[in-house]
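The values are calculated or read from the model by the stated rules, or taken from the named source; none is laboratory data. This is a predicted model, so every value here is computed, not measured. Here the Cβ positions follow ideal geometry from the backbone for every residue, glycine too, while neighbour counts run over all protein chains shown.
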Amino acid sequence: MTSAITLNDYLIVSGLLFALGIAGVIIRRNALVIYMALEMNLNAANLALIAFSKFNKLVEGQILVFFVIAIAAAEVAVGLAIIVALYRRKQTISVDQLTTMRL
Amino acid sequence: MYDILFWFFSIAMLVCGLLVIANRNPVASALFLVLLFVFLAGLFVLLEAFFIAAIQVLVYAGAIMVLFLFVIMLLDIKASERRKFRALGVVGGIAVAVAFVWELVIILTRPLKPLATGGDELSGGLEQVVKPLFANYMLPFEVTALLLLVAMIGVVLLSKRELK
């Protein structure tokens, strides 16, 4: 690779995306947007995996990302169904009002 | 050229991520998330993971985000989204993110040495990724198929009747 971009650059970008995802999960009150921020976290992990795979010349990282994407699809389907069911019951998806399980 | 594309995709992706969490309107958030996935696919292409980049656009930007948008349109979010952010949540969220980035910078300022355990240069094409998937990773592949089936049945069950 003749480029000046190293593994560290990719890892920093991935870490910044992960930090944005964490901040989104904590800041936002809307369950749907929290879910989107979680997807950002997953994608940050995917970017790190692909970067490691490329710079270590191992194809296993890409295979792991393939499985992560497949499982993320299943997870999103179930999670959104739960959010819709919650909305039908409570008429809100703001996590401030979904306090049934709070001590 | 490679460097310019890397910085362009990275910065555009991070700006999109910021807009996802800063936007009041969930529809705008979802659309910026689609854009984020597309820029991330660009980064995957730069890393020569062409198959994963295609999957990223098809599954994430295509299927998952359509699901998100469907749910946003289905629920009447407008009324519940007028509230302001809580100060404690904003401060806490930013503090956690800054702490994470700080830790990351401490670790990554030392250069990492690649393990170089692999063999030849990775081409990341369809053949190189899919061959081990159907040879060494057959069982996880089948289990994933089963998992998707279970998730589908679960979704049908969840949306058919009220939660008890």
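Counting only residues that are over 21 Å from B:Leu88 (Cα atoms) and hydroxyl-bearing (Ser, Thr, Tyr), which one in segment A:81-102 is surrounded by the most Cβ atoms within 10 Å (Cβ to Cβ)?
Checking each candidate, the answer is A:Tyr87.
To keep it simple, each residue is scored yes or no on (1) assigned to a loop (DSSP other than H, G, I, E, B); (2) under 21 Å from A:Ile71 (Cβ atoms); (3) in the same structural domain as B:Ile94 (by TED's automatic domain parsing); (4) in contact with a helix residue (DSSP H, G or I) (Cβ under 9 Å, 6 or more places away or on another chain).
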position: B:Ile4; (1), (2), (3), (4): no, no, yes, no
position: B:Ala30; (1), (2), (3), (4): no, yes, yes, yes
position: B:Val34; (1), (2), (3), (4): no, yes, yes, yes
position: B:Gly42; (1), (2), (3), (4): no, no, yes, yes
position: B:Ala54; (1), (2), (3), (4): no, yes, yes, yes
position: B:Ala63; (1), (2), (3), (4): no, yes, yes, yes
